[in-house]
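The values are calculated or read from the model by the stated rules, or taken from the named source; none is laboratory data. Since the model is a prediction, treat every value here as computed from it, not as a measurement. Counting neighbours? That spans all protein chains shown, and the Cβs are built from the backbone with ideal geometry, glycine included.
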Amino acid sequence: MGTLAAGFRLQLRFYRSYPDLLVPLLTAPLYGVVFTLVMRDGHRPDLVGSASLAPFYMSLWWFALFSGGWIIQTDRWEGTLEHLVSAPAAFAAVVLGRISATLLPAGFAFTETWVFARYVLDAPVTIRHWTVFLASFTVTLFAMAATALLMAALFVLARNAVTFSNSASFPFYVLGGILVPVAVLPGWLQPFTRPVFLSWSADLLRAAVAPGPVPHPALGLGAIAVLGVAAGLAGGVVLSHILRRLRTRGELAIT
């Protein structure tokens, strides 16, 4: 836990030195305006609530992809990876602690998005099922941290990591059902959404602000948790493989 906390504090210092990492907090309200106006102009008042909250998931994915996903590669470029690997602490724990800090602004992103949607856009986003909301929010952050760990490891191996990260935003927004429910997507596309934990999380968030009972909340929470654990285990395996390969070939400091 001490190593996790140390990694967490280290990453917080990056936010102080590089405030541009928090740019999604500035763009989230603008996306909320665009999506809400699209749904209202398209005469879909039933989708206004989910559309107005979609920027939260966009911000969350951005923090995981561009802040958490590039942690190891950035350390390698900066020449600090050797020091972290040689330190008497578990490298994976340091990385996970830093990734957890990259998701800290997610709480601010949701608060900002919800307040703007509720009081500026007048969207129907009143939270009616607080237990479901808090549970889904917590397990979503866990799954996102685990996914970021996997991406951080894969980006070191991938030759076209920059291309992938730049193009991995909007496809996952669609597959995650964050703007419109998965049920609205074409039938052939819906099976591809279930391996994406965001689709389960977005469904639970919509259910938490909708009147009436939440259908099968345990199933959604369980799916998010399972997908998060799978991503975390895969990330740990890939990270161990990377460290063995870099140490064997002496490529820790090679850009």
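At a glance:
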quantity: Count - residues of the range 193-249 that are of a type in the set (A, V, I, L, M, F, W, C), surrounded by 13 or more Cβ atoms within 10 Å (Cβ to Cβ) and more than 19 Å from Ala54 (Cβ to Cβ); calculated: 16
quantity: Selection status of Thr74, among the polar types (S, T, N, Q), modelled with pLDDT under 85 and under 25 Å from Ser169 (Cβ atoms); calculated: yes
quantity: Close pairs (6 angstrom Cβ cut-off, 6 or more residues apart or separate chains): of a type in the set (Val, Ile, Thr) in the range 209-229, part of a loop (DSSP other than H, G, I, E, B) and crowded, with 18+ Cβ neighbours inside 10 Å anywhere; calculated: Val209/Val125; Val214/His129
quantity: Segments classed as helices (runs of 4 or more DSSP H), wholly inside the range 151-210, with at least 2 members that are more than 29 Å from Ser240 (Cα to Cα); calculated: 170-175, 197-208
quantity: Index of the failed condition, Gly97 passing every other in (1) closer than 22 Å to His241 by Cβ; (2) at pLDDT below 80; calculated: (2)
quantity: Some residue of the range 32-42 being surrounded by 15 or more Cβ atoms within 10 Å (Cβ to Cβ), under 15 Å from Pro105 (Cα atoms) and touching a Leu at 6+ places or on another chain (Cβ under 9 Å); calculated: no
quantity: Near pairs, Cβ below 8 angstrom, 6+ apart or cross-chain, from the range 39-54 (in contact (Cβ under 8 Å) with a residue 40 or more places away in the chain) to any residue that is part of a helix (DSSP H, G or I) and among the polar types (S, T, N, Q); calculated: Val48/Thr36; Ala51/Thr36; Ser52/Thr36; Ser52/Thr113; Leu53/Thr113
quantity: Residue count, the range 95-114 (criterion: over 12 Å from Pro24 (Cβ atoms) and of a type in the set (Val, Ile, Thr)); calculated: 3
